[in-house]
Amino acid sequence: MNNRSRAWIRRRLRSLAVLELFNIPLQAALWFGVTGFPVTAANAVGFALFALFLVEGAAYWLAKLRRLPAPGTPLPGLGVFAALRLINVPVLAAGVLFTLWATVGDPGSGSVPGLCFALFAVLEHVNYFHTQLMYDTAEDRRNLRENGLRRAHLARDLDRAKGCAKSRLGAPPL
C-alpha cells in the first residue's frame, strides 16, 4: 500500500469515527430540540441505545486507525468488541421490548421516537457486528451491485481473530 492510499484510509477512518460521535449531539438536538419530542423514558431508552451503538462504531474505527501503522497485528480492543457482540443482544432485546411496550401502551411522540431509535440501534448492531448495511462510497455501492451484501468489517476482524476465516462475502479489510 502506498503512502497516498494510507493517507486516504487514515482520513476515512478518522472521519467515520468523528461522524459517528458527532451524530449523537446532532440527533439529540434535532429530535429533542428542534422537533420537540419529549424526553420520556421510552424516548430516552431508545436514544441511549442509538448513542451506545454510535460510540461502539466510533471506537471500532479509532481502533482500526490505531492499527493502521502495523497491519496484520491484532485490532486494539478486540476482546472488548467480541464481548460487545454478545452483550449487545440482550441489551438490544430489553430496549426494543421496553420501547415497544411503551408504544403499544401509549402511542405517540412520547414513545414512537424511542422505538425508532431502538430499531435503528438494532440496524447499527447488524451493520457493525454482522452484515455491512452502510454503503456510502461509489466503490462500496459498486461492490454491493456486483457482489451483494458482505460481512461487516468488524465481523471479519473478529472472525480472523478466532481463526475462522468466515469472510465468505469477502472484500479485503481496511
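Between rounded, prolate and oblate, where does region 66-150 land on the alpha carbon gyration tensor, with a ≥ b ≥ c its root eigenvalues, rounded for a/c under 1.5, else prolate if a/b exceeds b/c? Cα axes put region 66-150 in the oblate bin.
Relative to the Cα centre, the charge distribution of region 1-61, modelled as +1 at Lys and Arg Cβ and -1 at Asp and Glu Cβ, gives a dipole magnitude of about 540 debye.
Residues considered: ARG145, ARG85, ARG67. Largest GNM mean-square fluctuation over the chain, using C-alpha springs under 10 Å, is found at ARG145. Shown is the FRET efficiency for GLN27 and ALA70, computed with R0 = 30 Å from the Cβ-Cβ distance and rounded to the nearest 0.05: 0.30. Taken per residue, the accessible surface of the chain reaches 55 Å², heavy atoms only and a 1.4 Å probe. Leaving out ligands, DNA and RNA, what percent of the accessible area of the chain is carbon and sulfur, probe 1.4 Å? That share works out to 68 percent. Positive end of the dipole of the chain (Cβ unit charges, origin at the Cα centre): among CYS116, VAL104, ASN3, the Cα lying farthest that way belongs to ASN3.
Full extension of the segment from ARG141 to VAL104, taken as 0.36 nm per residue of separation minus the current Cα-Cα distance, would add 9.6 nm. Site pair SER15 and HIS130 shows an inter-label distance of 2.9 nm when each label is modelled 7 Å from Cα along Cα→Cβ. Ordering GLN27, GLY57, THR40 by Cα displacement along the dipole of region 2-76 toward the positive end leaves GLY57 in first place; charges were set at the Cβ atoms of Lys, Arg (+1) and Asp, Glu (-1).
Helical content alone sets the calculated 222 nm signal of the chain at -23500 deg cm²/dmol, taking -39,500 (n - 2.57) per DSSP H segment of four or more residues and averaging over every residue.
The values are calculated or read from the model by the stated rules, or taken from the named source; none is laboratory data. Only a predicted model underlies this, so the values are computations on that prediction, with no experimental measurement involved. Positions of Cβ are backbone-derived with ideal geometry, glycine not excepted, and every protein chain shown enters the neighbour counts. Quick note on the areas: whole protein, heavy atoms, side chains included, nothing else; ligands and nucleic acids left out. Shrake-Rupley method; radii C 1.70, N 1.55, O 1.52, S 1.80 Å.
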